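Visitor: Could you have a look at this structure, given as structure tokens, before my questions?
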Amino acid sequence: MIDPLLQLTIALSLFLLFVSASQHKRAEIRRFAAQLEAYDLLPKRLNSSFAVTLPWVELVVGVLLLIPASRDAAGFTAALLLAMYAFAVLVNLLRGRHNIDCGCGGTPQPLSYWLVLRNSVLVVGAALLTLPVTARSLHAADAIAMIMMTFLLVLCYLCIGQLLQNQAAQQGWNSHVH
């Protein structure tokens, strides 16, 4: 069982992640389609439709995470998506294809085992949303705690992203992409 405060914090954090990811992909659909094609996992004829569909799926999953009645199904779907992303990165790393843009949004960054680890941690978080919630009422202090914990999780996610970008820049990867 999971405490309702933890469940809401994870749901809100993943909502922000999925909505942000969706927005990046929809805003730069051609770039995302090229990133998706670089992974070389789908038949070429499916890349374009998958590139258009996936951001909308992420957006819907993100919104459904906020609705209590759909939270467990959305958590399961979020875990599947995040596992799929981790698997796609891992497959390409095992192929020796480190120098493709991960498609995570924002600044280009190469594939790394750190991305696989990050996404694996996110899978665990999303999977926690499928657990039953303990019966306890939430109070005003819980709302403040949820906001602070969500802020902390978002900050950690952004810091990890910045560290990965710094590592890529240090290795000179960004100069090869542009």
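No lab work stands behind these numbers, since they all come straight from the coordinates. Keep in mind it's a predicted model, so treat the numbers as computed, not measured. In this analysis, Cβ positions are derived from the backbone assuming ideal geometry, glycine residues included, and neighbour counts consider all displayed protein chains.
Visitor: Please work out the Cα convex hull volume for the chain and give it in Å³ per residue.
Guide: Taking the convex hull of the Cα positions in the chain, it is 109 Å³ per residue.
Visitor: Please give the charge dipole size of the chain, origin at the Cα centre, charges +1 on K and R Cβ atoms and -1 on D and E Cβ atoms. Round to the nearest 20 debye.
Guide: 380 debye
Visitor: So which DSSP H runs in the chain come out at 24 Å plus along the axis (Cα) with average Kyte-Doolittle of at least 0.0?
Guide: Both cut-offs are met by 4-27, 44-64, 71-94, 140-170.
Visitor: Ranked by Cβ crowding within 10 angstrom, fewest neighbours first, how are Arg95, Arg118 ordered?
Guide: With the sparsest Cβ surroundings first, the list reads Arg95, Arg118.
Visitor: Ranking Leu117, Leu42, Leu14 by Cβ neighbours within 10 Å, fewest first, what do you get?
Guide: So the residues, fewest neighbours to most, are Leu117, Leu42, Leu14.
Visitor: Given Cα positions, please report Rg to Rh for the range 62-161, the hydrodynamic radius being the Kirkwood one.
Guide: 1.05
Visitor: Something else: Expressed in nm to one decimal, what extension gain is obtained for the pair Leu93 and Gln170 from 0.36 nm per residue of sequence separation less their Cα-Cα distance?
Guide: Difference between extended and current length: 25.8 nm.
Visitor: Let me ask something else. If I model a spin label as a point 7 Å beyond the Cα along the Cα-Cβ vector, how far apart are those points for Arg31 and Ala83 in nm?
Guide: Once both label points are built, they end up 3.0 nm from each other.
Visitor: In the chain, with Lys and Arg counted as +1 and Asp and Glu as -1 at Cβ, which of these residues, Ile147, Asn99, Phe87, has the Cα nearest the positive end of the dipole, that is, farthest along it?
Guide: With unit charges placed on the Cβ atoms, the residue in question is Asn99.
Visitor: Please report, in whole Å, how far the alpha carbons of the range 1-105 spread along each principal axis, starting with the longest.
Guide: So the three principal-axis extents are 41, 28, 20 Å.
Visitor: Okay, next question. Please compute the length gained on full extension between Trp114 and Ser48, using 0.36 nm multiplied by the number of residues separating them and subtracting their Cα-Cα distance.
Guide: So the extension gain works out to 21.0 nm.
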